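Everything below concerns the one structure shown next.
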Amino acid sequence: QPLTDEYMTLDQMEWYLSELTDSHPDLVDVSSIGKSVEGRDIWLVHIKAGKCREEKEGKRGRRAKRMARRSMETKTLWIEGGLHAREWISPAVALRLIDNFINDCSMSETNEVYIVPMSNPDGYKYTWTTDRMWRKNRAVISNSECKGVDLNRNWDYHWGVGASKSPCSEVYQGLSAFSEPETQALRDAMKKVGDIDLVLSLHSYGQVLMYPWGWTADPAPDTEAMKKMGDIFAGGARERHGSTYEVVNSAGGFYYASGATDDWAKGKLNSKYVYTLELRDGGKHGFKLPSDQILDAGNEVWDGIKRFLNALN
Ligand code: 0X9
Ligand code: ZN
């Protein structure tokens, strides 16, 4: 089943993911890493290193695999999509990246790839049924009329420094760090993988690639390396359609905000390369990016990731 040029409903995404394992039983593993507030599964797609060529070429592939492995070190990457409900291009691009990694063995043969295309299923569902501009999850907050925690303010790294304590705010941080089952599930799954070289959190919009910290403007470890590799990503992403992605520090170039995936991945997981990527567009359509841009948006990010991974090796 090929991906279409339309945004998928949550049900369509789940069908798509379940078919993936049927058609790629050895290469792809899809597992639930936990449940949302309303009880929906959060799916993790693992595209396993060293399986792609074998699946496509049989014995011949196995030989090619040994050759490829000799010259390259296996890297591990983690891509998080759909944390913010209204940013529809994020899960759409995450799904395209899954497709790209499965079909292009030059990347998946030598890299362990983990992708969570939809991290906030309740919020996403809500944007289809009720409020297209919903951002948070759908947590019920005691003693409040308002619902939802901003899942990108709920991670436990300098939590509470730069986010809202008001449940009615769009950037409500929650009652405590990791109060939400969605962030707990993501945290536990990332810790289980452990050694992750590249963490990429997909958001929209603005076409900006941000490196930590977000909670302070002080430089994070590996800042120079993250900048340099960020520029390599941006160079790749620009090639196909001329789209520009600006590489900036979160707090310095964007705004202060604590409790995001990126700061936790940098500060607690100690991944070397950590980014939040604001996808298309620059502001013309914003969160309501027309679906005829999904393919181009996905392809340019794929180009950037390929450049990035090739430069790492
Ligand atoms: O504010 C956010 O959560 C992200 N932007 S968005 O428009 N998609 O909501 C940016 C997060 C950047 N990282 C940190 N501030 N740590
Ligand atoms: Zn976002």
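Only the coordinates and a few stated rules stand behind these numbers; no lab work does. Every value quoted in this text rests on a predicted model; they were computed, and no experiment measured them. A quick note on method: Cβ atoms are made from the backbone with ideal geometry, for glycine too, and the neighbour counts reach across all protein chains shown.
Would you compute, for the Cα atoms of the chain, the largest minus smallest coordinate along each principal axis and list the three values in descending order, in whole Å?
Between the extreme Cα coordinates on each principal axis of the chain lie 63, 41, 38 Å.
Would you work out which of Ile79, Ser90, Pro221 lies farthest towards the positive end of the dipole of the chain, given +1 charges on the beta-carbon of Lys and Arg and -1 on that of Asp and Glu, about the Cα centre?
After comparing all options, I get Pro221.
Taking a ≥ b ≥ c as the square roots of the eigenvalues of the Cα gyration tensor of the stretch 215-265, is the shape rounded (a/c under 1.5), prolate (a/b larger than b/c) or oblate?
prolate
Provide the net charge surrounding Lys266, with neighbours chosen by a C-beta distance below 10 Å and charges set as Lys +1, Arg +1, Asp -1, Glu -1.
Numbers: positive: Lys268, Lys272; negative: Asp222, Asp262, Asp263.
Summing Lys/Arg as +1 and Asp/Glu as -1 gives -1.
Ranked highest first by average number of other Cβ atoms within 10 Å, how do 78-91, 8-21, 263-276, 39-52 line up?
Highest to lowest by the protection proxy: 78-91, 263-276, 39-52, 8-21.
Would you mind classifying the stretch 265-313 by shape? Square roots of the alpha carbon gyration tensor eigenvalues, ordered a ≥ b ≥ c; an a/c under 1.5 is rounded, otherwise it is prolate if a/b is larger than b/c and oblate if not. Please list the in-between numbers first.
On the way: a/c = 3.83, a/b = 1.63, b/c = 2.35.
Taking the square roots of the gyration eigenvalues as a ≥ b ≥ c, the stretch 265-313 is oblate.
If you take every residue apart from Arg238 with its C-beta less than 12 Å away from the C-beta of Arg238, what net charge results, scoring Lys and Arg +1 and Asp and Glu -1? Don't skip to the answer; put the middle values down first.
Details: positive: Arg240, Arg307; negative: Asp231, Glu239, Glu246, Glu300, Asp303.
So the environment of Arg238 carries a net charge of -3.
Rounded to the nearest 0.05, what FRET efficiency is calculated for Glu6 and Glu246 with R0 set to 25 Å and r the Cβ-Cβ distance?
Values: r = 29 Å, r/R0 = 1.15.
That pair, Glu6 with Glu246, gives E of 0.30.
Classify the stretch 213-313 as rounded, prolate or oblate from the Cα gyration tensor: take a ≥ b ≥ c as the square roots of its eigenvalues, call it rounded if a/c is under 1.5, otherwise prolate when a/b beats b/c and oblate if not. Please list the in-between numbers first.
On the way: a/c = 2.15, a/b = 1.36, b/c = 1.58.
It comes out oblate by the Cα gyration axes.
Multiply the residue separation of Ser32 and Lys288 by 0.36 nm, subtract the distance between their alpha-carbon atoms, and state the gained length in nm to one decimal. Let's see the in-between values first.
Working: separation 256, 0.36 × 256 = 92.16 nm, distance 2.84 nm.
The Ser32-Lys288 span can extend by a further 89.3 nm.
What are the lysines whose alpha-carbon lies under 19 Å from the alpha-carbon of Lys192, with same-chain residues fewer than 8 places away excluded?
List returned: Lys35, Lys48, Lys75, Lys266, Lys268, Lys272.
Using 0.36 nm times the number of residues separating Ser176 and Asn103, minus their current alpha carbon distance, what extension gain do you get? Walk me through the intermediate numbers first.
Numbers: separation 73, 0.36 × 73 = 26.28 nm, distance 4.13 nm.
Length difference between fully extended and current span is 22.2 nm.
Assigning unit charges at the beta carbon (Lys, Arg +1; Asp, Glu -1) and nothing else, what dipole magnitude in debye, to the nearest 20, does the stretch 160-276 show about its Cα centre? Before the final figure, lay out the partial values.
On the way: 11 positive and 14 negative charges, 18 e Å.
That gives a dipole near 80 debye.
Please report the net charge: other residues with Cβ closer than 14 Å to the Cβ of Asp122, K and R +1, D and E -1.
On the way: positive: Lys35, Arg40, Arg86, Lys125, Arg135, Lys136, Arg138, Lys147; negative: Asp11, Glu14, Glu38, Asp41, Asp131, Asp150, Glu180, Glu182.
Every neighbour counted, the sum reads 0.
For the stretch 187-247, what D do you get in µm² per second when you plug the Kirkwood radius from alpha-carbon pairs into Stokes-Einstein at 37 °C and 0.692 mPa s?
In µm²/s, the coefficient rounds to 246.
Is it possible to state the helix-based mean residue ellipticity at 222 nm for the chain, with each DSSP H run of 4+ residues giving -39500 (n - 2.57), the sum divided by total residues, to the nearest 500 deg cm²/dmol? What is it? Write out the running numbers ahead of the final one.
On the way: 10 runs with 117 residues, N = 313.
So the helix-based figure for the chain works out to -11500 deg cm²/dmol.
I'd like to know how the stretch 79-175 sits against the 2.2 N^0.38 Å rule of thumb: what's its Cα Rg over that expected value? Working shown, then result.
Details: Rg = 16.0 Å, N = 97, 2.2 N^0.38 = 12.5 Å.
The reported ratio for this selection is 1.28.
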